[in-house]
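The values are calculated or read from the model by the stated rules, or taken from the named source; none is laboratory data. Everything numeric here is computed off the predicted structure, so don't read it as measured data. Cβ placement follows ideal geometry from the backbone for every residue including glycine, while neighbour counts extend to all protein chains displayed. Surface accessibility is based on the protein's heavy atoms, side chains included, excluding ligands, DNA and RNA. Shrake-Rupley method; radii C 1.70, N 1.55, O 1.52, S 1.80 Å.
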Amino acid sequence: MSAATLTLVRPLLERARRPQAVPAGPPPLADPATMPPLDPHQTGWPGGEVTSGGVTLHVRETPGPQDTPAVYVHGLSGSATNWTDLAALLATRAAGTAVDLPGFGLSRPLASRDYSPTGHADALLCFLAGRGRPVHLLGNSFGGAVALAVAARRPELVRTLTLVSPAMPDLRPDPRRVSDPRLLLALLPLVGRRARAELAAVDPQTRAEQVVRLCFGDPTVASARRMAEAAAEFAARSRLAWAQEASERTGKAMVAGWLRGESLWSVAARVQAPTLVVWGDRDRLVAPRLAGRTAAAVRNSTLLVLPGVGHVAQIEAPEAVARASRGCGMRLTRGPGKNPDDRGVAAISPYVDARSLIMALPPLVEPAATLSKEEVERYSRHLIIPDVGMAGQKRLKNAKVLVVGAGGLGSPALLYLAAAGVGTLGIVEFDVVDESNLQRQVIHGQSDVGRSKAESARDSIQEINPFVEVRLHQLRLDSSNVLDVFRDYDLILDGTDNFATRYLVNDAAVLLGKPYVWGSIFRFEGQASVFWEDAPNGLGLNYRDLYPEPPPPGMVPSCAEGGVLGVLCASIGSIMVNEAIKLITGIGEPLLGRLMVYDALEMSYRTIKIRKDPSTPKITELIDYEAFCGVVSDDAQQAAAGSTITALELKEMIDAGKDFELIDVREQNEYEIVSIPGAKLIPKDRILSGEALSEIPQDKPVVLHCKSGARSAEALAVLHRAGLKDAVHVGGGVLAWVKQVDPSQPVY
């Protein structure tokens, strides 16, 4: 992440670390049942021995609807209490039965003493078959592997399947995958006895802390109450004669099966039930790299990867898993009389690396009445996507979208909005096409140089899609006109490159209650998000929640000063269009409440949660945004007043042979593009820090210049404070020099 991006994002990261009240959104996919709040004081559910199908297990049962109960299966060395919170959160959806596998928790071992994965699966199969009804089956770690085998062997017993970091084959030799290194020694023939004796002597509290450090992505989220409960359970289990044997023999049997090639991958391919695969990206026991492969192996699955979460997501992030299970698992089957192959997954794309829960907003736009024959043929690839279909395409046809700027981000955004079939596109643009634009502003061509950008963009749009109505607003947005321009549109896309316009767009959108998609680019990095103060379900926030105040003048260079990789515009612009389509049609999860940061050099995407900042003042009116953002600081403005010369005056000084020091405060790469003869390069930051003051002569006049005058004014203020009161700068910078003095040189 560049210094400029880090400067802007740091306040957001600091706020994210502070606990804040976040409005609870609805369950995903418009789940009508309300999920109960998480009770941090919930104790383990009542338990007892239950015999079913000839197998006796100790279980803990959660009250709830009995039509399709949920059955929870713990991992190696775990127990039914691993599901306390998740079972409570799902209680309104299904009655729950959390089982202790044979030899674990409080369940006695079977007479066969078969601790292999197959043996545990056999026991669970008999237990479920004896209950006589299909279940929602949820398993974690080793319990996930057992649940997978059950679902593959007896599909009629499993309505839906949720796998939380299932123990898929992973034979990497890594001591970090055990809570205590002595566990590895315990498996060896000679030293194993001593290691087992030492492990048995570990006190329960230490044991609980070891397990939490191993299994949690963030061990600090484990409350003192839960730690005490875990320690008490370890203490009770240590008094059971069969406990150590069950853990050791189950672990050995699992690894031995992997070594023999008894692959769970082929088992996964036989699963028919709709399946939710949940993984934490900090899982140290079963690598997150197996998450996508597991989801791909199960034919009808959805993948949810939770950032910052470890191996036991149902304990560390129970609300996230509950919402996903309710939306992606327990609502997948639509009931009798429907096509048995249609399990209701139309609203969820399979194999999605979700990284946060699907929280779709209602469609922003009502559908148009019809699509013509020509429109159906044009948009056929949209129409055959179940999530879009005829209804979604009709909403796009009826949508009115305003794009602010037809430059780097506006160019790809306008092209793809038009191609997607957005019925009305507005363009706010007052500039003309310059040759330097063509490196990234792909909506314009060589023949458009010198033309109005708005008119050039209109012509390109009409060439792409004649069914789109284009409205031009050839003006500079300000507080006097922005509300009138925005009022007739459903959605705003902001691709501008200056803070004053960004805050203006934000505040106008807030006052009018309109959502807008925002994007930003600089060199190799881009950012994108969605802002909507009046979003339904308490999800609203605006740009000021991300950046409450603009950065100090001159701290963050513009693209014109710092440059931008041309193709980055396409990357971020297409993301903005994707967000617009999702908002218009009501599909997927928009970036509302999330900042997406893209690094083209690393080829990485990072998502940062944005929360409503309670200290952000309510927006009630428009202000002077140039003054609010300060194009240059007050000190720079005062320094420049009376100490500014023109490019022609500089030329006269050079021609007259005057003795003065001409200093260029731009960066080296800019200096190499074009420079004023005789100028000495000293970048602005070296002057502002004081590092370069010793390189500036005290015995003769000093003239500063930059690209356009803003940076040289900031440097001029520093020189004036240092006592060089006679220093001046060139208004308009090197651009004015090329235009007025030496047109043979290039501009950028």
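Residues that are open to solvent by 70 Å² or more (accessible area, probe 1.4 Å) and closer than 22 Å to Ser744 by Cβ number at least 2 in the following helices (runs of 4 or more DSSP H) confined to region 631-711: 647-655, 668-673. Listed by first and then second residue, the pairs with beta-carbon distance under 6 Å, at least 6 apart or on different chains, first residue in region 403-431 and within 18 Å of Asn481 (Cβ to Cβ) and of a type in the set (Asp, Glu), second open to solvent by less than 10 Å² (accessible area, probe 1.4 Å) and outside any helix (DSSP H, G or I), are Glu429/Ala406.
Filtered by the rule that a residue be closer than 20 Å to Tyr543 by Cα and open to solvent by 30 Å² or more (accessible area, probe 1.4 Å), region 582-593 gives Lys582, Glu589.
Condition check ((1) of a type in the set (S, T, N, Q); (2) assigned to a strand (DSSP E or B); (3) surrounded by fewer than 24 Cβ atoms within 10 Å (Cβ to Cβ); (4) within 32 Å of the chain's Cα centre (by Cα)) across all residues:
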site	(1), (2), (3), (4)
Gly119	no, no, yes, no
Leu124	no, no, no, no
Ala129	no, no, yes, no
Leu137	no, yes, no, yes
Gly144	no, no, no, yes
Ala147	no, no, no, yes
Ala152	no, no, yes, no
Glu156	no, no, yes, no
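Ser266 falls short on exactly one of the conditions (1) within 20 Å of the chain's Cα centre (by Cα); (2) open to solvent by 10 Å² or more (accessible area, probe 1.4 Å), and that condition is (1). Within region 500-543, the set of residues being surrounded by 19 or more Cβ atoms within 10 Å (Cβ to Cβ) and of a type in the set (D, E, K, R) comprises Arg502, Asp507, Lys514, Glu525, Glu533.
Gly392 meets all of the listed conditions (1) closer than 23 Å to Gly562 by Cα; (2) not in a loop (DSSP other than H, G, I, E, B) but one, namely (1). A single member of Val738, Val703 is over 43 Å from the mean Cα position of the chain (by Cα), within 24 Å of Asn437 (Cβ to Cβ) and in contact (Cβ under 8 Å) with a residue 12 or more places away in the chain, and it is Val738. Taken over region 418-436, the criterion of being among the small types (Gly, Ala, Ser) and part of a strand (DSSP E or B) is satisfied by Gly426 alone.
This table checks each residue for (1) modelled with pLDDT under 85; (2) surrounded by fewer than 16 Cβ atoms within 10 Å (Cβ to Cβ); (3) within 30 Å of Glu245 (Cβ to Cβ).
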position: Arg10; (1), (2), (3): yes, yes, no
position: Gly25; (1), (2), (3): yes, no, no
position: Asp39; (1), (2), (3): yes, yes, no
position: Gly54; (1), (2), (3): no, yes, yes
position: Ala87; (1), (2), (3): no, no, yes
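Scanning region 159-177 turns up one or more residues that are within 24 Å of Asp281 (Cα to Cα), part of a loop (DSSP other than H, G, I, E, B) and at pLDDT below 50. Here region 286-304 is the region considered, the condition is being outside any loop (DSSP other than H, G, I, E, B) and within 18 Å of the chain's Cα centre (by Cα), and the residue that is surrounded by the fewest Cβ atoms within 10 Å (Cβ to Cβ) is Gly292.
Restricting attention to region 574-629, the residues that are part of a helix (DSSP H, G or I) and farther than 28 Å from Thr424 by Cβ total 4. Go through Asp488, Asp497 for me and flag whichever is closer than 21 Å to Ala420 by Cα, open to solvent by 10 Å² or more (accessible area, probe 1.4 Å) and of a type in the set (D, E, K, R). On inspection, the qualifying residue turns out to be Asp488. Among the residues of region 56-80, those that are open to solvent by less than 40 Å² (accessible area, probe 1.4 Å) and either within 19 Å of Arg93 (Cβ to Cβ) or outside any loop (DSSP other than H, G, I, E, B) (or both) comprise Leu57, His58, Val59, Thr62, Gly64, Thr68, Pro69, Ala70, Val71, Tyr72, Val73, Ala80.
Only residues that are open to solvent by less than 20 Å² (accessible area, probe 1.4 Å) and polar (S, T, N, Q) were counted across region 417-451, and they come to 3. Being free of Cβ contacts under 8 Å to residues at least 40 places away in the same chain, in contact with an Asp or Glu (Cβ under 9 Å, 6 or more places away or on another chain) and of a type in the set (S, T, N, Q) is a property that does not hold for Gln205. With respect to Arg611, is the statement that it is within 30 Å of Glu366 (Cα to Cα), touching a Lys or Arg at 6+ places or on another chain (Cβ under 9 Å), modelled with pLDDT under 85 and not small (Gly, Ala, Ser) true? Yes, satisfied.
Here Leu29 meets the list (1) of a type in the set (A, V, I, L, M, F, W, C); (2) surrounded by fewer than 22 Cβ atoms within 10 Å (Cβ to Cβ); (3) modelled with pLDDT of 90 or more; (4) assigned to a helix (DSSP H, G or I) almost entirely, failing just condition (3). Pairs under 8 Å by beta carbon, first residue within 13 Å of Gln42 (Cα to Cα) in region 215-227, partner part of a loop (DSSP other than H, G, I, E, B) and of a type outside the set (Gly, Ala, Ser), six or more apart or different chains? From region 215-227, the pairs are Ser223/Pro40; Arg225/Pro40; Arg225/His41.
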